[in-house]
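This is the structure, below, for whatever I ask next.
The values are calculated or read from the model by the stated rules, or taken from the named source; none is laboratory data. What you are looking at is a predicted structure, and each value in this text was computed from that prediction instead of being measured. Ideal geometry is used to build each Cβ from the backbone, glycine not excepted, and the neighbour counts take in all protein chains shown. We work out accessible area using only protein heavy atoms, side chains counted, and drop any ligands, DNA or RNA first. Shrake-Rupley method; radii C 1.70, N 1.55, O 1.52, S 1.80 Å.
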Amino acid sequence: MTTHTSSTLAVPQVSAIPRHVAIIMDGNGRWASKRFMPRVAGHSEGLGAVRKIVEECRRIGVEYLTLFAFSSENWRRPPEEVGFLMKLFLKSLKGEVSRLAENDISLRLIGDLSRFDPAIQEMVKYSEEKTANCRGLTFTIAANYGGRWDILQAMRRFVEANPGLKPEQVTEELLQPYFSMAYAPEPDLFIRTGGEQRVSNFLLWQLAYTELYFTDVLWPDFDESELHQAFQWFSQRERRFGRTSAQLASQVMSDVV
Ligand code: FPP
């Protein structure tokens, strides 16, 4: 398995276009309520924004896009809304998988899928297999995902695979392969739409040095131009990873000469 640089152990390469973008798609319900439509209409409209953003990321060379579709806490929503989201999820997997493969996009799911309907679990498996060799973009959907769940499942599998390891022998490098996103570098850019400024139990471990971008735009209105605004903001960030500005400047100078 490929392992990626940990931002706390080594300084990763930085680029103007983020390699990995992670998004919390918030505001579907409010988008619909503002139009006197049922909340679920906002989720259907949100699917249109998902298509636009996936295709634009593929076009401009983002390598990994990760979307938070359903959190481990979203089961607390009214059962009709949860049911609708599940149907929408299954329908979109069925409808989009060929198009993803044609566009060289590989699909991955992270999260505890065991609570999902068997039809969804089968469709996920089929979609992952069908797109497994695609290299243009890795598109990850986080479903029944929680950052704490991820850390716990990694710990549990790690302990099981390494019985008898002493506490001082446990290192980040040894743990890394057990996280559900071990196949991807840590996100460079996190985007949350819908005006709230929190991480809501998304990729807690992986966001250690991610740049955090918040916008009031509601998810169904988030389009290519909004994505480019986020990239523009990102390209102006000084990513120090714990170093000082002076150290960064001298590194830039030594790269030039
Ligand atoms: C948050 O908006 C959005 C969700 C919980 C669901 C996101 C799902 C989609 C965009 C459609 C399906 C996506 C895929 C990848 C198949 P909210 O309902 O919390 O909005 P609110 O804060 O305005 O109530």
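Within the range 3-41, can you find the residues that are more than 16 Å from the chain's Cα centre (by Cα), small (G, A, S) and either more than 7 Å from the ligand (Cβ to nearest atom) or open to solvent by 40 Å² or more (accessible area, probe 1.4 Å) (or both)?
Once the filter is applied, which keeps residues that are more than 16 Å from the chain's Cα centre (by Cα), small (G, A, S) and either more than 7 Å from the ligand (Cβ to nearest atom) or open to solvent by 40 Å² or more (accessible area, probe 1.4 Å) (or both), the range 3-41 yields S6, S7, A10, S15, A16, A32, S33, A41.
Might you let me know whether the range 103-120 holds any residue that is at pLDDT 95 or above, surrounded by 13 or more Cβ atoms within 10 Å (Cβ to Cβ) and either within 11 Å of the ligand (Cβ to nearest atom) or in a helix (DSSP H, G or I) (or both)?
Yes - at least one qualifying residue is present in the range 103-120.
On to the next question. Give me a count of the residues in the range 138-183 that are assigned to a loop (DSSP other than H, G, I, E, B), of a type in the set (G, A, S) and either within 21 Å of K125 (Cα to Cα) or in contact (Cβ under 8 Å) with a residue 12 or more places away in the chain (or both).
Within the range 138-183, residues that are assigned to a loop (DSSP other than H, G, I, E, B), of a type in the set (G, A, S) and either within 21 Å of K125 (Cα to Cα) or in contact (Cβ under 8 Å) with a residue 12 or more places away in the chain (or both) number 3.
On the given criteria, is S92 buried (at least 16 other Cβ atoms within 10 Å of the Cβ) and modelled with pLDDT under 90?
no
Between R157, R198, R192, R148, which is crowded, with 16+ Cβ neighbours inside 10 Å and basic (K, R)?
R192
Of everything in the range 201-226, what is part of a strand (DSSP E or B), touching a helix residue (DSSP H, G or I) at 6+ places or on another chain (Cβ under 6 Å) and either of a type in the set (D, E) or open to solvent by 40 Å² or more (accessible area, probe 1.4 Å) (or both)? Give them in sequence order.
Matches in the range 201-226: E211 only.
Within the range 102-117, which residues are acidic (D, E) and either in contact with a strand residue (DSSP E or B) (Cβ under 9 Å, 6 or more places away or on another chain) or touching a residue at least 60 places away in the same chain (Cβ under 8 Å) (or both)?
Residues satisfying the conditions are D104, D112.
Follow-up. Among the residues of the range 34-42, is there at least one that is part of a helix (DSSP H, G or I), among the small types (G, A, S) and touching a helix residue (DSSP H, G or I) at 6+ places or on another chain (Cβ under 9 Å)?
yes
Restricting the search to the range 42-70, which residues are among the small types (G, A, S), surrounded by fewer than 21 Cβ atoms within 10 Å (Cβ to Cβ) and within 11 Å of the ligand (Cβ to nearest atom)?
Those that are among the small types (G, A, S), surrounded by fewer than 21 Cβ atoms within 10 Å (Cβ to Cβ) and within 11 Å of the ligand (Cβ to nearest atom): S44, G48.
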